[in-house]
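> Below is one structure. I have some questions about it.
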Amino acid sequence: MPRLTIDGKPIEVPAGTNIIEAARLLGIEVPHYCYHPGLSIAGQCRLCMVDLDNAPRPTIACNTQAADGMVVMTDTERVRETRRSIMEFHLINHPLDCPVCDQAGECWLQIYYMKHGLYDPRMVDDKVHKPKAVPLGPHVMLDAERCILCSRCVRFCDEITGTGELGIFHRGDHSEIGLFPGADLTNKYSGNVVDICPVGALTDRDFRFQVRVWYLDTARSICQGCARGCNIEVHTSRRRPHHAQGRRVARLKPRYHAEVNRWWICDEGRYGFAFVDDASRLTFPVRREGQAVHELLWDEAIPAVADALRRHQPDEIALLASPKMANEDLWAVRALAERLGTARVAFRVPPAAGGDQDDLLIRADKNPNTRGAELLGLDGDAAAIMADLRAGAIKCLWIFGHDVLHAAWPPAEAFEALTRAQTLIFSGTNASSVSALAHLVLPAAAWVEREGTVTNFEGRVQRFRRALDPLGAALPEHELIGRVLATLGAPVSATRAEHWFRALAAAVPAFAGMTYASIGDTGQMVSP
Amino acid sequence: MTEKILTRNFGRADSHTLAVYRETGGYKALDKAAAMQPAAIVEEVKKSNLRGLGGAGFPTGMKWSFIPRGHTGPVYLVVNADEGEPGTFKDRYLLERDPHALIEGMIITARAIRSALGFVYIRGEYVEPWRRFSTAVREAYEAGYLGRGFDIVVHRGAGAYICGEETGLISSLEGLKGWPKLKPPFPAIKGAFGAPTIVNNVETLAHVPHIVNRGAEWFASLGTKTQGGTRIYSVSGRVKRPGIYETSVGITLRQLIYDEAGGVAGNGRLKAVVPGGSSAALLSADEIDVTMDVDGLKNVDSMIGSAGVIVFDETVSIPDALVVVARFYAHESCGQCTPCRESTGWIYKMARRIAEGHGRKEDLDTILDVAKRGAGTTICAFYDGAVGPYISYIEKFRGEFEALIPRA
């Protein structure tokens, strides 16, 4: 473990640590563009220059490994002057179109110019012109004039996805990022190049021109797109609803987690939030009688659900929970099953098509909480429930979110089963062919509208936070189940997600001792 | 007059053939080298004071000794025949007129560094040199000099100056874009295809058989205290007899221009000289009493580089010359490092604007400041090479530039 000093402060770091990372550990920022901890060292931007006490001139920190006895100075006059020069070189051909650039507000040219540049511009000659607004693929737009040629995106496609779509073409100040002939940026992780682009060269086609980034709010969350549980940030636009036609979720961004997803997320997860602000959202409870549809208040809907459940014998009732539900919701489902006295509880509905999987992040299981549902004891036989419903043995079914008419089951049989139910209750976020058949429809809050935890395929329990208010009258499922339980006379003390989690942690050995505080921001593994 | 060594056969018919090379003592050094331990060959070359003749002037024997001791995997010998420095055309003559000298030098060098495979990276525009050299390689295989523990692959470049930079050359050889590589690791540790690699210039290796044959002391005695031997100077521009001249590295620039190349052409009056390829700082007419070795030119803040001498008579416009040079560096910058990529283009635009009569009075200082700020901040020496002319052309002939700038 080399010991060195940086700006006079001693530190010991693991062998192989470069000076940028060593300085970061001391809270010292060495400005840089091309360096990214997840990619190989390029050493091209030349911004991360620092002084070493024995070197005749500044050295790039990214390609210099910490060594025993090294004396590093990140803030000498010579280093400051070098940074100023490098900033000027980066900007002489830059279009300076910040007012119309999506990156403005989170652009490292802006940030570092204010911090390390602040020179008086001297460039009066014509700038080099390059292609603008070039779609590289379904998600990414290139403005080659804004590009500083740090090559992060090229290295990402070479080293992380191994797809190699991008290259740097031409030479000198005519160099530009581009696609190799015949290639499109269609790899499953293409959105990450926008995240790692330090400037406005690569922008997100879904996000661009929607909202200025300084109007965004941020909540820490977990992607619900598959069993990996990638750590993300949910960026929401609440203060300027007119900027994005009412769209509240502006974008999802990866959040670093050393063991789950490092710096990356897949495109499917990144762009899988459209349902949250979709017109198909369920926003109020509904009772359907024949063709007649009645909007209900919760004070009407909850007793209606309780009455319907009371009308049936325990073994006539089944609950079809979902691995898309949070642990807290699933524990509430289990409490409901116990209260009703039914053992007919399941969560596994086979998808119509098998999911893809790769060696990087993407899991075939497209549910965020299959492991949690297993651990919480909900793993019954869903196919048997559907068969018993069709046979008339089950008369009341509560479906949580599943679209059983678009699963791997024969749709005609599933349809017949649903139409034979005397009471069909559906709770979920969005209208579907199942909600259209349900006698009682209960609007559920989407994951970005509530707190909760999910357990990923490795057994890591992770928290997601509330980024938005629920749309309309929607409620988190644990809450609406809790209200039903209370109406049924059960002693329910849990009102918030955290209460439900406390209850399940007290009862289920895999979660023993876990609390929201102990899960923290990095998650916690279930007990084996 | 110095004995001609590298160019001794250049006047003979068919000097490029194996027959002529052998008749004149060729391939005799191989037997002697075969009897020497690799370390003894390295030691001999170190003692000879042979320095790299491609541009950087690094001591050749020392470079060879950087191959890690005890390394068991492949080691590659790469010959830099990408002669691209403006004003330099000596390697072309060697490849065309005495290709076997390079092959013999490579075989001996390969023994010294324990390499079984050599690559010769020939500048793409050098068609005839490539043909001649390829024929010579075929002859050497047929005669059994090659193919017995050492092979040569001939590779043609595609026309980029930066591929003459040793790590840019390696990238290009590997099939990548010709971008110089970060150092460390240096090529001798991790070079072509990840293996320890020695990159040497054509002329450097052509000297090796002679050093083995006649000894390090003999070679060292031909030159100066810090650099042994002769070298081939390419002399062009406004001289009466442009061409290549092999002399001791102890010759002065004045002797080279007036005694060898016949004196100044044009209007006959010397204005300035580029002493070592376009990247070398310009010398004014009163700075030519310097020895043409590595240290001689370092002492006047220029460099011998590739020994390409370009002579300007008084009719040459220095601002126009700077435009030509600046255009070259802007065109050839690989674009990898920001300072070089951006400022070569910027300086070219400013230099052109001044030459066209649209300069502003602050432009000259801006060019000087930009050049100095970028110097030493990049991966390779390309930009430092560009800075040499930017600064020296303006500082030594500032009045000529100022005369072109309109008064406000």
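> Return one number: the angle in degrees, 0 to 90 and rounded to the nearest 10, between the long axis of the Cα atoms of helix B:127-142 and the longest principal axis of the Cα atoms of chain B.
Relative to chain B, helix B:127-142 is tipped by roughly 10 degrees.
> Measure off 7 Å from each Cα along the Cα-to-Cβ vector at A:A490 and A:L96, then give the distance between these two points in nanometres to one decimal.
Between A:A490 and A:L96, the simple spin-label model gives 6.6 nm.
> I would also like to ask the following. Name the residues of region A:464-483 whose amide N is less than 15 Å from a point 7 angstrom out from the Cα of A:L297 along the C-beta direction?
The answer is A:473, whose backbone nitrogens lie closer than 15 Å to the label point.
> Could you estimate the translational diffusion coefficient of region A:286-525 from the Stokes-Einstein equation, with Rh from the Kirkwood formula over C-alpha pairs, at 10 °C and 1.306 mPa s, in whole µm²/s?
Result for D is 87 µm²/s.
> Another question, then. Quote to one decimal, in nm, the extra length available between A:A383 and A:A274 on full extension: 0.36 nm per residue of separation minus the C-alpha distance between them.
Extra length from A:A383 to A:A274 when fully extended: 36.2 nm.
> Please list, in chain and number order, the residues 5+ apart from B:T247 or on another chain whose amide H is under 5 Å from its amide H, with Hs placed from the backbone.
B:R231, B:Y233
> Could you check the spin-label model distance between B:H358 and B:K298? Points 7 Å from the Cα along Cα→Cβ, value in nm.
Distance between the two pseudo-spin positions: 4.3 nm.
> Another one. Based on the Kirkwood radius over alpha-carbon pairs, what is the Stokes-Einstein translational diffusion coefficient of the protein assembly as shown at 10 °C with 1.306 mPa s viscosity, in µm²/s?
Calculated translational D: 48 µm²/s.
> Using per-residue counts of other Cβ atoms within 10 Å, averaged over each peptide, order B:107-115, B:236-244 from highest down.
Descending packing order for the listed peptides: B:107-115, B:236-244.
> Can you give me the angle between helix B:38-47 and the longest principal axis of chain B, using Cα atoms only, in degrees from 0 to 90, rounded to the nearest 10?
Approximately 40 degrees, to the nearest 10.
> For B:T72 and B:D151 in one chain, what is 0.36 nm times their gap in residues minus the Cα-Cα distance, to one decimal in nm?
Full extension of this stretch gives 26.6 nm more.
> Find how many whole Å separate the alpha carbon centroid of region B:114-187 from the alpha carbon centroid of region A:46-96.
Computed from Cα coordinates, the inter-centre distance equals 35 Å.
> Only residues of region A:289-319 count here: report those whose backbone N is under 17 Å from the spot 7 Å along Cα→Cβ of A:T283, or say none.
A:294-298
> Considering every residue in B:171-180, what mean count of other chain Cβ atoms within 10 Å of its Cβ is obtained?
1
> What average number of partner chain Cβ atoms lie no more than 10 Å from the Cβ of the residues making up A:165-175?
Mean shielding by partner chains, rounded to a whole number: 6.
> Under 5 Å between amide H atoms, partner at least 5 residues away or on a different chain: which partners does A:K9 have, H built in plane at 1.01 Å?
Close amide H contacts, sequence-distant or interchain: none at all.
> Any of A:K127/B:K240; A:K188/B:K349; A:K115/B:K396; B:K240/B:K349; B:K349/B:K396 with alpha carbons more than 31 Å apart? Name them for me.
With Cα atoms farther than 31 Å apart: A:K127/B:K240; A:K188/B:K349; A:K115/B:K396; B:K240/B:K349.
> Okay, next question. Other chains' Cβ within 10 Å of B:350-359 residues: what's the mean?
Going residue by residue through B:350-359 and averaging, the value is 1.
> Can I ask one more? List the chymotrypsin sites (Phe, Trp or Tyr not before Pro) within region B:358-396 that DSSP assigns to loop and that have no more than 11 neighbouring Cβ atoms inside 10 Å.
Taking region B:358-396 and a limit of 11 other Cβ atoms within 10 Å, no loop chymotrypsin sites (Phe, Trp or Tyr not before Pro) are found.
> Per residue of region B:199-214, in order, report the coupling 6.51 cos²θ - 1.76 cosθ + 1.60 (Karplus, θ = phi - 60°) as ³J(HN,Hα) in whole Hz, putting x for Gly and Pro.
10, 10, 6, 3, 5, 4, 6, 5, 6, 4, x, 5, 5, 5, 5, 10
> How big is Rg to Rh over region B:230-313, alpha-carbon atoms, Rh as the Kirkwood inverse-mean-distance radius?
0.91
> What list of ³J(HN,Hα) values in whole Hz, one per residue of region B:155-170 in order, does the Karplus curve 6.51 cos²θ - 1.76 cosθ + 1.60 (θ = phi - 60°) give from phi, with Gly and Pro shown as x?
Whole-Hz 3J(HN,Hα) from phi for region B:155-170: 10, 9, x, 10, x, 9, 4, 5, 6, x, 6, 4, 7, x, 4, 5.
> Are there any trypsin sites (Lys or Arg not before Pro) in region B:1-78 that are in a DSSP loop and have at most 13 other Cβ atoms within 10 Å? List them by number.
Those that pass, being in a loop and sparsely packed, are B:R69.
> Would you please give the FRET efficiency between B:A143 and B:K4, computed as 1/(1 + (r/R0)^6) with r the Cβ-Cβ distance and R0 = 25 Å, to the nearest 0.05?
Efficiency for this residue pair is about 0.50.
> I need the fraction of alpha carbon pairs in chain B separated by more than 33 Å, rounded to a whole percent.
Tail of P(r) above 33 Å: 32 percent of Cα pairs.
> I'd like the distance between the alpha-carbon centres of region A:146-169 and region B:43-67, rounded to an integer number of Å.
Answer, in whole Å: 38.
> Now, a different point. Would you mind getting me the FRET efficiency between A:L118 and B:E402? Use the beta-carbon distance for r and R0 = 25 Å, nearest 0.05.
It comes out at approximately 0.25.
> Here's something else I'd like to know. How big is chain A in terms of Cα radius of gyration and Dmax, in angstroms?
Radius of gyration, then largest Cα-Cα span, for chain A: 27.3, 87 Å.
> Just want to confirm a number: the relative contact order over chain B, from Cα pairs under 8 angstrom separated by 6+ residues, in percent.
Relative contact order of chain B: 17 percent.
> Follow-up question, since we're still on this one. Work out the FRET efficiency for B:R114 and A:R220 from their Cβ-Cβ distance, taking R0 = 51 Å, and round it to the nearest 0.05.
0.35
> State the volume of the convex hull built on the alpha-carbon positions of region B:37-126, expressed per residue in Å³ and rounded to an integer.
Value for region B:37-126: 104 Å³ per residue.
> Tell me which residues come under 5 Å, amide H to amide H, from A:V140 once H is placed; ignore anything under 5 positions away on its chain.
A:R205
> So which GluC sites (Glu not before Pro) in region A:246-301 are both in a DSSP loop and have at most 12 other Cβ atoms within 10 Å of their Cβ?
A:E259
> Right, here's the next one. Taking Cα pairs under 8 Å and at least six residues apart, what relative contact order does region B:318-402 come out at, in percent?
Averaging sequence separation for qualifying contacts and normalising by length gives 38 percent for region B:318-402.
> I need the semi-axes of the equivalent ellipsoid of region A:3-90: take the C-alpha gyration tensor, multiply each eigenvalue by 5, square-root it, list largest first in whole angstrom.
Equivalent ellipsoid of region A:3-90: 19, 16, 11 Å, largest first.
> Something else: Tell me, what ³J(HN,Hα) does each residue in region A:117-122 have, in order and in whole Hz, if you take phi through Karplus 6.51 cos²θ - 1.76 cosθ + 1.60 with θ = phi - 60° and put x for Gly and Pro?
x, 6, 8, 8, x, 10
> May I ask for the longest run of chain A untouched by chymotrypsin sites (Phe, Trp or Tyr not before Pro) that are loop-located per DSSP and have at most 14 neighbouring C-beta atoms (other than their own) within 10 Å?
Longest gap between qualifying sites, sites excluded: A:257-528.
> How far, in nm, would the chain grow between A:F209 and A:D7 when pulled straight, counting 0.36 nm per residue and subtracting the alpha carbon separation?
68.6 nm
> Starting from the Cα of B:R269, step 7 Å along the direction of its Cβ; do the same at A:T163; then give the gap between the two resulting points in nm.
Going from the B:R269 label point to the A:T163 one covers 6.8 nm.
A short reminder: the numbers here are calculations on the coordinates, not readings from a lab. These numbers were taken from a predicted model, which means no experiment stands behind them. In this analysis, Cβ positions are derived from the backbone assuming ideal geometry, glycine residues included, and neighbour counts consider all displayed protein chains.
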